[in-house]
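Just so it is clear, none of the values below were taken in a lab; they were calculated from the coordinates. Note that this is a predicted model, so its numbers are computed, not measured. Note: ideal-geometry Cβ built from the backbone for every residue, glycine included; neighbour counts use all protein chains shown.
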Amino acid sequence: MNFSSDTAAPAHPDVLAAMAEANAGPAPSYGNDARTEALRARLREIFETDDLAATVVTSGTGSNALALSLLTPGHGAVLCHEAAHIHEHERGAPEFFTGGAKLQLLEGDHGRIAMPALEAALAHRNPDFVHECPAFALSVSNLTEFGTAYSAEAVAARADAAKADGLSVHLDGARFANALAFTGASPAEMSWRAGVDALSLGFTKNGGISAEIVILFGETAAKFGELEARRKRAGLMPPKTRFTSAEALAMLKDGLWLTLAARANASARALAEGFAAIDGAEIVHPVEGNLVFARLPQPVIDRLQGEGAAFYPLGGDRVCRFVCSWATTEDEITALLDAART
Ligand SMILES: Cc1ncc(COP(=O)(O)O)c(C=O)c1O
């Protein structure tokens, strides 16, 4: 009964097989190999554009921080939700990689940036006033940190507002596939067609081992040389990139990434339905991906912990986070709900 994190899940067997297959003789290093080239070609197909540049890193934090460092100078700010991973859980990596940019926090229900909050921040922005720290980028997470999804239209609305004021747009897509599986949007609709300039596309939480891709779209793709220089300087350039690219290629083959994300999402829905039927339990955020946030009666929390279930109680108000992955089984969900009801 491990609902602690999707990063705790095993890798999908196809990913391991692809890495084993990549282990044949020598290959050019630092991303100059055939698999990394094939990955770029595949991304161009999947995102329906030749106007992209992509590179491979090995953590979501690195991917976010690197992307933001291209979009924001150290004397600027990044607008993001107050619960954004880049603010709460990256140990200042975005600030470090940008050379000191501030994160300017915005409110919004269920992890989604509220349009009025964004509009107010943009209205107050005055880059000509030398004493202020103006925003240069907006960062949106999809899925959000509370497991909710933005529709492609909702991303576009926020991106349009930001771009009207000259900001660039970053999307933290650590769970991008889960958002696509929930909304039914295409990768292109959820990214560059919605105005996203830089996407941190994650596979690690969805059956991969360590493949995280930074994708630059449109005019931002011209910054690829700078991206590579920053990636090297940050120590995010795996010498044996062929293995990381092999992982990503395996995830993208025959839609595996979307199949696995849809499976994880379905597990979360089943879990949430089970919790909702328990007296005194409450689902606190809409379950639109693979995360469930439930306020549970204390005896239920105690019982689950007593039975050895792994999950995170968050703070003092009995809200607990349960994360499903591609590998979550029906048996695990049944066992957890049985333990909760006993
Ligand atoms: C929304 C989001 N973005 C980024 C990350 C960072 O990923 P990593 O742990 O690989 O650095 C996480 C990890 O939990 C996340 O949930």
| query | Given a Förster distance of 25 angstrom, what is the FRET efficiency for ARG269 paired with MET115, based on the Cβ-Cβ distance and rounded to 0.05? | reply | 0.35
| remark: Computed over the chain, the relative contact order (Cα-Cα under 8 Å, seq sep at least six) in percent reads 24
| field | Rounded to 5, the percent of DSSP beta bridges in the range 13-254 classed as antiparallel | value | 40
| message | I'd like the Karplus ³J(HN,Hα) series for the range 318-327: coefficients 6.51, -1.76, 1.60, θ = phi - 60°, whole numbers in Hz, and an x wherever there's a Gly or Pro. | response | 6, 8, 10, 9, 10, 10, 9, 10, 4, 9
| note | Length gained if GLU228 through ILE209 is fully extended, taking 0.36 nm per residue and subtracting the Cα-Cα distance, is 4.7 nm
| task | Straight distance only, please: which lysines reach the Cα of LYS253 with their own Cα at less than 26 Å, same-chain residues fewer than 8 apart left out? | result | LYS205, LYS240
| query | With charges set only on the Cβ (+1 for Lys and Arg, -1 for Asp and Glu), what does the dipole of the chain come to about its Cα centre, in debye to the nearest 20? | reply | 740
| query | Are there any helices in the chain, counted as whole DSSP H runs, that stretch 20 Å or more along their axis by Cα and score at least 1.6 on average by Kyte-Doolittle, and if so which? | reply | none
| query | Between GLU107 and GLU82, what is the label-to-label distance in nm when each label sits 7 Å out along the Cα-to-Cβ direction? | reply | 0.6
| field | 17 Å cut-off, amide nitrogen to a point 7 angstrom out along LYS240 Cα→Cβ, residues in the range 198-212 | value | 209-212
| query | Once the piece of chain linking PHE96 and ASP160 is laid out straight, how much longer is it, given 0.36 nm per residue of separation minus the C-alpha distance between them? | reply | 20.3 nm
| query | Computed from the mean reciprocal separation of all distinct C-alpha pairs, what Kirkwood hydrodynamic radius does the range 256-341 have, in Å? | reply | 12.9
| task | Quick one: among ARG295, ARG269, ARG91, which has the greatest mean-square fluctuation in a GNM of the chain with alpha-carbon springs under 10 angstrom? | result | ARG91
| task | Starting from the alpha-carbon convex hull of the chain, give the projected area averaged over all orientations, in nm². | result | 17.2
| request: Calculate, for GLU132 and ALA27, the FRET efficiency according to 1/(1 + (r/R0)^6) with r their C-beta to C-beta distance and R0 56 Å; round to the nearest 0.05. | output: 0.70
| task | Let me see the pair-distance distribution of the range 8-105: every alpha carbon pair, 10 Å bin width, integer percents in order. | result | 13, 31, 31, 22, 4
| said: Can you report the principal axis dimensions of the range 77-176 using only the alpha carbons, biggest first, rounded to whole angstrom? | reply: 38, 29, 19
